[in-house]
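One structure below.
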Amino acid sequence: MRKLDTDILILGSGGAGLFAALHAHRADPSLSITVAVKGLLGKCGCTRMVQGGYNVALAKEDSVERHFMDTIEGGKWLPDQELAWKLVTLAVERVRELENELGCFFDRNPDGTLHQKAFAGQTFDRTVHKGDLTGIEIMNRLAEQVWARRIDRLEEHRAVELVKTPSGDALAGVLMIDMRTGEYVFVRAKAVLLATGGGPTMYRYHTPSGDKSCDGLAMALRAGLALRDMEMVQFHPTGLLAGPHTRMTGTVLEEGLRGSGGYLLNGAKERFMPSYDPLAERATRDLVSRAMVSEMRKGAVTPNGGLYISMAHLGPEKVAQQFKGMVERCADCGFDLAGGLVEVVPTAHYMMGGVEFGLDCTTELAGLFVAGEDAGGVHGANRLGGNGVANSTVFGAVAGDTMAAWVGREGALREPDQDTLVAAVERCEPRTVNLHGSLEPLRERLYEVMWEKVGIIRDATGLRSALSELDAIGSELESSGVADANRAFNLTWHDWLNLKSLTDVSQVIAQAALAREDSRGAHFREDHPEAGALERSAYSSVRAAGERLDVSMKPVAFTRVKPGETLL
Ligand SMILES: Cc1cc2nc3c(=O)[nH]c(=O)nc-3n(C[C@H](O)[C@H](O)[C@H](O)COP(=O)(O)OP(=O)(O)OC[C@H]3O[C@@H](n4cnc5c(N)ncnc54)[C@H](O)[C@@H]3O)c2cc1C
C-alpha cells in the first residue's frame, strides 16, 4: 500500500472541494493541500453540469431576508435556520468573489448589473447565470485558479474508507484506490473534507454525473456519523426522456424552461399543471414532479412513457436564443425544443440529506469536515433551484477557512487503526472472480425498487418491501464478484463498489422515509398525506448501529423565524 501525508485532504473537486482548496491555501499558503478525486480535476461531478444558475439576493428590490424566507418556506420549515441564513448571506460575498477574484463572466443587463432570471419556487428573480451552462464557467475558472497554485492532485483516486485512530476519537486519514493502477493508497491528513457530492444515482431516471455514487455518505455512515433528512430526495420535473439505453435519458432540461413560461402536457397534448397548483409549471419541483407522476398513472403518456414540455408558444426564435444549450441537447436526441414537443419524465436530481454538520463545516468526528451536497440540513425538505451551487461554493469556502485554522490550532498527523484498514481493504475486494456474470441485472433491480417504492410517491408497505429487497440486493452484490481480475482501470470493479455505496445509502433513504409519517416537500407518503403541525417540525437522523440503522426524529430549532411568522 502506497502511503502519503498531507496537511489537508479534500475529497472531491466540485464547487465545494475547489473552493475549500482555494480558501485553505489563501488562509495559509504554507499548508500542503491535496485534492483527491474520482475523475479528473474540474471535469467531473455536478457543479460542472449546473445549467440554470446561482441564487443570490443582489437587486435593490430583493433582500437576503427574502431569499431566506423562500429557502425556509420551500424547505417546508425543516432547514436548519442558521445554516440557511449563512447560505443566503454568504452567497452575496461568494458571487462577488467568483466574478472579481476568479474571473467568471455572468450574463449582464444593458445597464451593467448582473442579469438574474426566474427560477421556480422563488418570490424574486434572483438566479445569476451564464446562459444556460453556468457550471462550466464556474468550474473552468475555479480549476484554473487551483492549477495555478501549489495544490497537489490525486486524480482518478477513489476514496473508499475514512480511517480513524485506534482510540476512534479522531480521523487519521483516508484509504483510496488509485483507479489507474488498482493500487491501494493510504493518505494521512490532519484535516479531511468530505465533498463527494452525494448523488441519487440509484433511481432509474437520474441527473447526476456517473462518477457520483454516494460514496461519501456511505463512508460517513460506516464511520458512525449521523445523516439527516435522508428521505428528502429531490426529483427534477423535466428529465429528458429519449428512450432506454441512452445516457441522455434522465439528464435534466433546466428549470428556466418552466420558469420562463414553458407548459407541461400529457400524452394527449393537454396542459394539466393548472389543475394541480395555482403556480402551475412554476410551482416547486416536488409539487410538479408529484403532479407528473399522478398524470402518468392516469395513463395518457408519451411514446416513451412520460409527458411533454412545450415552449413553442413563447416564440421559437426567442427560445432558441435564450436556451441555446438545451435546444442543442434536445436536437441531439431528435426533439425540437424551440418549436415542437420534447418528452420528459421526473428524474432524481439532488439529495437534500447528508452528514449533520456545524456552521463552520465541522462534524462530530475530529479532523473530518463536510461541505456541499454531502452535507445535510441547509435545504430541509426541498432545495430551491439555484441554491445548490450557492450551497457548495458558500460552504466549500467556509470549510477551507475552518480547516486551515483548525490545522494550525490542533491538527496533527495521526496513526490509523490497522484493523480498520485491513477490514476496509477486504470490503473492497470482490469475493470471487465471476467470469460470466454481469452487474446489470442487480443495477436494474436497484433502479426498479428505488423508482417504484422509494420514489416520488411512497407508502409504508412499499417502503418495507423495498428494505427487504435492498437487503437481498446487498447480499447478492457481496457474492457477485466482478468479471475481470485485472486491477488497472477495472471499471466493473468500480461499478461494483458504486453499487455497494448506492445500496447502503438506499437503505438509509428508505428507513428515513419509513420513519417520517407525514408529507413534506420532496417526501410524499400516500398513507400520511398531511404535512403535520409545522410548529412541531422534526428532522430525521439516521446512524448505523452495527448492522442496524437507528432512526430518530429531532425537533427543528426555529432560531430566526417560527411558522406563521416572516422576516419580511
Ligand atoms: C444536471 C444538473 C444541473 C444542475 N443545475 C443546477 C443549477 O442550475 N443551480 C444549482 O444551484 N444547482 C444545480 N445543480 C446541483 C449542483 O450541481 C450541486 O448542488 C452542486 O454542484 C454540488 O457540488 P459539490 O461540490 O457538492 O459536488 P460535485 O460538484 O458533484 O462534486 C463532487 C466531486 O466528488 C468526486 N467524488 C465522488 N465520489 C468520490 C470518491 N469516492 N472519491 C473521490 N472523489 C469522489 C466527484 O468526482 C466530483 O469531483 C445541478 C445538478 C445537476 C446534476
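The values are calculated or read from the model by the stated rules, or taken from the named source; none is laboratory data. These numbers were taken from a predicted model, which means no experiment stands behind them. No Cβ is skipped: glycine too gets one built from the backbone with ideal geometry, and neighbour counts run over all protein chains shown. To get the accessible areas, we keep the full protein, side chains included, count just its heavy atoms, and leave off ligands, DNA and RNA. Shrake-Rupley method; radii C 1.70, N 1.55, O 1.52, S 1.80 Å.
Here the label points at residue 321 and residue 32, each 7 Å from Cα along the C-beta direction, are separated by 5.5 nm in the simple model. Taking amide H atoms as placed 1.01 Å from N in the peptide plane, the amide H of residue 160 lies under 5 Å from those of 175, 176, 177, each 5 or more residues away in sequence or on another chain. Note on residue 517 and residue 3: with the Förster distance fixed at 41 Å, the Cβ-Cβ geometry gives a FRET efficiency of about 0.25.
Solvent-accessible area per residue in the stretch 216-305 equals 33 Å², computed with a 1.4 angstrom probe and all protein chains kept. For the stretch 209-354, the dipole from Cβ point charges (+1 on Lys and Arg, -1 on Asp and Glu) about the Cα centre works out to 160 debye, to the nearest 20.
For the stretch 102-175, trypsin sites (Lys or Arg not before Pro) are listed when DSSP marks them as loop and at most 10 other Cβ atoms sit within 10 Å of their Cβ; the list is 150.
Of the residues 246, 284, 559, the one with the largest accessible area comes first in the ranking 559, 246, 284, computed with a 1.4 Å probe on protein heavy atoms.
Figure legend: label point modelled 7 angstrom from the Cα of residue 304 along Cα→Cβ; residues of the stretch 441-459 with amide N under 19 Å from it are 444, 447-448, 451-452. Do any chymotrypsin sites (Phe, Trp or Tyr not before Pro) in the stretch 485-568 lie in a DSSP loop with no more than 15 other beta carbon atoms within 10 Å, and if so, which? Within the stretch 485-568, the qualifying chymotrypsin sites (Phe, Trp or Tyr not before Pro) (loop, at most 15 other Cβ atoms within 10 Å) are 489, 558.
Count the net charge of all other residues whose Cβ sits under 13 Å from the Cβ of residue 339, scoring Lys and Arg as +1 and Asp and Glu as -1.
Details: positive: 318; negative: 317, 336.
Local charge sum for residue 339: -1.
Among 80, 471, 7, the order of accessible area from largest down is 471, 80, 7, computed with a 1.4 Å probe on protein heavy atoms.
Pairs from the list 117/324; 269/453; 38/130; 86/324; 190/500; 117/318 with a Cα-Cα gap above 22 Å: 269/453; 38/130; 86/324; 190/500. Given a 1.4 Å probe and every protein chain left where it sits, what share in percent of the accessible area of the chain is carbon and sulfur? C and S atoms contribute 51 percent here. Using the 1.4 Å probe convention, the accessible area of the stretch 512-568 works out to 56 Å² per residue with neighbouring protein chains retained.
Heavy-atom accessible surface of the stretch 1-125, averaged per residue, reaches 35 Å², computed with a 1.4 Å probe. Show the residues, 5+ positions off or on another chain, whose built amide H is closer than 5 Å to the amide H of residue 206. Residues meeting the amide H criterion: 348.
Think of each Lys and Arg Cβ as +1 and each Asp and Glu Cβ as -1; about the Cα centre, that makes the dipole of the chain roughly 420 debye. Taking θ as phi - 60° and the Karplus parameters 6.51, -1.76 and 1.60, the scalar couplings of the stretch 131-146 work out to x, 10, 9, 5, x, 5, 4, 5, 5, 4, 5, 5, 5, 4, 5, 5 Hz in sequence order, x denoting glycine and proline.
Take the Cα of residue 313, go 7 Å toward its beta carbon, and the backbone nitrogen atoms of the stretch 272-301 under 16 Å from that spot belong to 272-283.
Loop sites here are GluC sites (Glu not before Pro) outside DSSP states H, G, I, E and B with no more than 16 other Cβ atoms within 10 Å. The longest part of the chain free of them is 102-269. Taking θ as phi - 60° and the Karplus parameters 6.51, -1.76 and 1.60, the scalar couplings of the stretch 491-496 work out to 5, 5, 4, 5, 5, 4 Hz in sequence order, x denoting glycine and proline.
Can you give the FRET efficiency to the nearest 0.05 for residue 489 and residue 150, using r as the Cβ-Cβ distance and R₀ = 25 Å? Could you put the intermediate results ahead of the total?
Details: r = 29 Å, r/R0 = 1.14.
Efficiency computed from Cβ-Cβ geometry: 0.30.
Taking amide H atoms as placed 1.01 Å from N in the peptide plane, the amide H of residue 172 lies under 5 Å from those of 163, 164, 165, each 5 or more residues away in sequence or on another chain.
In the chain, the DSSP-assigned H stretches of four residues or longer account for a calculated mean residue ellipticity at 222 nm of -11000 deg cm²/dmol, using -39500 (n - 2.57) per stretch and the full residue count as denominator.
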